[in-house]
Amino acid sequence: MRFTKMEGLGNDYVYVNCFKEKIDNPSELSIKVSDRHFGIGSDGLILIKPSEVADFKMDMYNADGSQSEMCGNGIRCVGKYVYDYGLTDKEDVAIETLAGIKYLHFTIDRKNANDRGIVSKVRVNMGSPILTPSEVPVKLDASLEMIKDYPVEIGGRNYNITCVSMGNPHCITFVDDVKNFPLETIGPLFESNEIFPRRVNAEFVEIIDRKNAKMRVWERGSGETLACGTGTCATVVASILNGLTENFVTVELLGGKLEIEWNREENVVYMTGPATIVFDGEINI
């Protein structure tokens, strides 16, 4: 099987062009290729497929083999792949995901006017944030329009959480010192807590000022990753809802920075960030 290893801010996946390759058991394959000792090493597997409703389709699997609806860093890499590897000449494409169709715009680096160029940055229309508790989903007070700054007890400690779905569920908690936060022990307790019927991606966020924040993320099925695009979008939505930031925020993750804008008039979240090809390879499956 031919593959391409790509990363967006260190959130790395194995990408397979399913226009050329046939994958019978993607869950098992994701577990195999994600292993950093006996496989290729990644946060999961992303398949690039034909779509009947968009330009391309993206199927995503976590390192534990579970399927996920969307990945913000992953979809930027899908965009770079389809342009750089010649599957499209368009600089604006639509990608089908389990979280709906997402629309991408490419920033192209060219050496001259005749150079086709390569994608250096991708802006993604991530759609509207979902706040209704039953749709996130989170099993708390069903009478509330949203779970915002809501007190809960997890692992014997009290937290105030805000819950947002960007097509996949996120729980955001604001902390004073994200660098020294014990994510390795607290993250799993959030991920599998009974109030999250589909598990959850847990973001822990330190607000720097009205336009800047720092974030670490515990992703369901993968553990701590260097970045999470949907989680960064959910974080900015939560920050705005809690009155902590403006509508355009630069978020610093372990792998780098993402620029997030929540256009309140359109009720659409835009994410802008890089995507990088690490290497191409071949593996026996």
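The values are calculated or read from the model by the stated rules, or taken from the named source; none is laboratory data. A quick note: this is a predicted structure, and the numbers were derived from the prediction, not measured. Heads up, the Cβs are rebuilt from the backbone with ideal geometry, glycines too, and the neighbour counts pull from every protein chain shown. Note: areas computed on protein heavy atoms with side chains; ligands, DNA, RNA excluded. Shrake-Rupley method; radii C 1.70, N 1.55, O 1.52, S 1.80 Å.
A few comments on the model shown:
- Top-ranked residue in segment 156-194 [being open to solvent by less than 60 Å² (accessible area, probe 1.4 Å), in a loop (DSSP other than H, G, I, E, B) and not aromatic (Phe, Trp, Tyr); ranked as farthest from ASN125 (Cα to Cα)]: PRO182
- VAL278 aliphatic (A, V, I, L, M) and buried (at least 24 other Cβ atoms within 10 Å of the Cβ): no
- Yes/no for LYS111 being open to solvent by 60 Å² or more (accessible area, probe 1.4 Å) and assigned to a loop (DSSP other than H, G, I, E, B): yes
- A single member of THR245, THR232 is open to solvent by less than 40 Å² (accessible area, probe 1.4 Å), more than 16 Å from the chain's Cα centre (by Cα) and among the hydroxyl-bearing types (Ser, Thr, Tyr), and it is THR245.
- Any hit, segment 86-95, residues being under 22 Å from the mean Cα position of the chain (by Cα) and open to solvent by 30 Å² or more (accessible area, probe 1.4 Å): yes
- Of everything in segment 199-229 that is in a loop (DSSP other than H, G, I, E, B) and open to solvent by less than 40 Å² (accessible area, probe 1.4 Å), the residue that is farthest from SER134 (Cα to Cα) is ALA227.
- Qualifying position, being within 16 Å of ASP84 (Cα to Cα) and either touching a helix residue (DSSP H, G or I) at 6+ places or on another chain (Cβ under 6 Å) or buried (at least 24 other Cβ atoms within 10 Å of the Cβ) (or both), among ILE40, ILE48: ILE48
- Residue match in segment 136-154 (condition: touching a Phe, Trp or Tyr at 6+ places or on another chain (Cβ under 6 Å) and not hydrophobic (A, V, I, L, M, F, W, C)): no
- Test: residue in segment 133-140 that is closer than 30 Å to GLU191 by Cβ, buried (at least 22 other Cβ atoms within 10 Å of the Cβ) and touching a strand residue (DSSP E or B) at 6+ places or on another chain (Cβ under 6 Å): yes
- Residue count for segment 51-85, restricted to those that are open to solvent by less than 10 Å² (accessible area, probe 1.4 Å), in a loop (DSSP other than H, G, I, E, B) and of a type in the set (Phe, Trp, Tyr): 0
- Selection status of GLU145, farther than 24 Å from MET271 by Cα, open to solvent by 20 Å² or more (accessible area, probe 1.4 Å) and assigned to a loop (DSSP other than H, G, I, E, B): yes
- Scanning segment 75-114 for residues that are farther than 25 Å from ASP280 by Cβ and in contact with a Phe, Trp or Tyr (Cβ under 9 Å, 6 or more places away or on another chain) yields ASP92, ALA94.
- Failed item, numbered, when VAL122 is tested on (1) over 21 Å from ILE207 (Cα atoms); (2) not in a strand (DSSP E or B): (2)
- Taking residues in segment 187-199 that are modelled with pLDDT under 95 and of a type outside the set (Lys, Arg), and partners anywhere that are part of a helix (DSSP H, G or I) and buried (at least 18 other Cβ atoms within 10 Å of the Cβ), not one pair has Cβ atoms closer than 6 Å while being at least 6 places apart or on different chains.
- Taken over segment 116-160, residues that are out of contact with any Pro (no Cβ under 8 Å at 6 or more places or on another chain), without any contact (Cβ under 8 Å) to a residue 24 or more places away in the chain and aliphatic (A, V, I, L, M) amount to 0.
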